Amino acid sequence: MSRTVRGALLQASWTGDKDTMIEKHVKYAHEAARQGAEVMCFQELFYGPYFCQVQDTKYYGYTEAIPDGPTTRLMQDLAKETGMVLVVPMYEQEQTGVYYNTAAVIDADGRYLGKYRKTHIPQVAGFWEKFYFRPGNLGYPVFETAVGTIGVYICYDRHFPEGARALGLNGAEIVFIPSATSRGLSQHLWRIEQTSHAIANGYFVGTINRVGIEPLGDNDFYGQSYFCTPRGEFVGDVGDPQQEELMVRDLDMSQVEEVRQVWQFYRDRRPDAYENLVSP
């Protein structure tokens, strides 16, 4: 039986402060709901600048507890008010000095379902993330929501197929990949890797990238957010490479079963032959 889920992605530019960045996302969430969206994902570290362009302890001040912090509680109220499932990437404080790049998942009735912590942490010029984040330690959870089973992978994670496969094996039907990535080598990969994850694992992918140049560095975030099907086909147009944009797309969830019954990648896996892949 055909089942359509209307999903929303927001690629947003930096406003200059946390409060107005949150206000912007709340406003767009209401607009997405007016357009009939049932699930919405925000971009990586949504309420801040991409501060990893520099190494400065003052940005530790952007951390919050999840789920007991004020932004998670606000997003729970927003989810309940709009009737949407929300995927909300934030800077998490587990305890003083222990911080994660995290996404909270909130169901359409406002219930906090859990979180994913970014697993793979880069440390190169302009992406000084090990200064800010510990590697995630929660594995690859999936969440049973009002729109189906969803998973989350964050930015640099997308270069690693292992976690993308783990999400599929855990039952994900839609995987959201919020990012902050700039022009250069990664732009060539942007439309390849994530569509490849969708194909290899038979699920939808919704992925976001920021737009614009932020004042902390010269990283030029190139947008081009998109949804793609389990066949790796874009759902509608890819997002603008320069401008802020709310994208709302209809996802025919029957394609998950259809594609998995044609491409039997799960059936034909040989985990007994892959032991060396997990050796140091």
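Numbers at a glance
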{"read-out": "Considering residues of region 107-123 that are closer than 24 Å to GLY61 by Cβ and not basic (Lys, Arg) only, the residue surrounded by the most Cβ atoms within 10 Å (Cβ to Cβ)", "value": "TYR116"}
{"read-out": "Per-region count, region 225-280, residues within 30 Å of LEU10 (Cβ to Cβ), among the small types (Gly, Ala, Ser), without any contact (Cβ under 8 Å) to a residue 40 or more places away in the chain and out of contact with any strand residue (DSSP E or B) (no Cβ under 8 Å at 6 or more places or on another chain)", "value": "1"}
{"read-out": "Some residue of region 230-250 being closer than 30 Å to CYS52 by Cα and surrounded by 22 or more Cβ atoms within 10 Å (Cβ to Cβ)", "value": "yes"}
{"read-out": "Given (1) touching a residue at least 12 places away in the same chain (Cβ under 8 Å); (2) farther than 19 Å from VAL5 by Cα; (3) over 15 Å from the mean Cα position of the chain (by Cα), number of the condition LEU185 does not satisfy", "value": "(1)"}
{"read-out": "Subset tally (residues that are within 19 Å of the chain's Cα centre (by Cα), more than 15 Å from PRO89 (Cβ to Cβ) and β-branched (Val, Ile, Thr)) for region 1-25", "value": "1"}
{"read-out": "Within region 154-178, tally of residues that are within 19 Å of THR229 (Cα to Cα) and not in a helix (DSSP H, G or I)", "value": "10"}
{"read-out": "Test: residue in region 201-212 that is surrounded by fewer than 16 Cβ atoms within 10 Å (Cβ to Cβ) and either modelled with pLDDT of 95 or more or more than 17 Å from the chain's Cα centre (by Cα) (or both)", "value": "no"}
{"read-out": "From the options ALA104, ALA108, residue that is hydrophobic (A, V, I, L, M, F, W, C) and part of a loop (DSSP other than H, G, I, E, B)", "value": "ALA108"}
{"read-out": "Long-range neighbours under 7 Å by Cβ, at least six apart or interchain, first residue at negative phi within region 67-82, second part of a helix (DSSP H, G or I)", "value": "THR71/ILE22; LEU78/VAL26; LEU78/ALA29; THR82/ALA29; THR82/HIS30; THR82/ALA33"}
{"read-out": "THR72 being more than 20 Å from the chain's Cα centre (by Cα), under 25 Å from MET247 (Cβ atoms) and not in a strand (DSSP E or B)", "value": "no"}
{"read-out": "In region 169-189, the residues that are surrounded by fewer than 22 Cβ atoms within 10 Å (Cβ to Cβ), hydrophobic (A, V, I, L, M, F, W, C) and closer than 26 Å to THR145 by Cβ", "value": "LEU169"}
{"read-out": "Selection from region 213-222 of residues that are part of a loop (DSSP other than H, G, I, E, B) and crowded, with 16+ Cβ neighbours inside 10 Å", "value": "GLU214, LEU216, GLY217, ASN219"}
{"read-out": "Test for GLY16: is it without any contact (Cβ under 8 Å) to a residue 40 or more places away in the chain and touching a Lys or Arg at 6+ places or on another chain (Cβ under 6 Å)", "value": "no"}
{"read-out": "Residue satisfying all of: in region 113-142; assigned to a strand (DSSP E or B) and of a type in the set (D, E, K, R); nearest to ALA79 (Cα to Cα) among these", "value": "LYS115"}
{"read-out": "Number of the exception - ILE192 against (1) within 16 Å of the chain's Cα centre (by Cα); (2) in a helix (DSSP H, G or I); (3) of a type in the set (Val, Ile, Thr)", "value": "(1)"}
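The values are calculated or read from the model by the stated rules, or taken from the named source; none is laboratory data. Keep in mind that what you see is a predicted model, and the values were worked out from it rather than measured. Note that each Cβ is placed from the backbone with ideal geometry, even for glycine, and that neighbours are counted across all protein chains shown.
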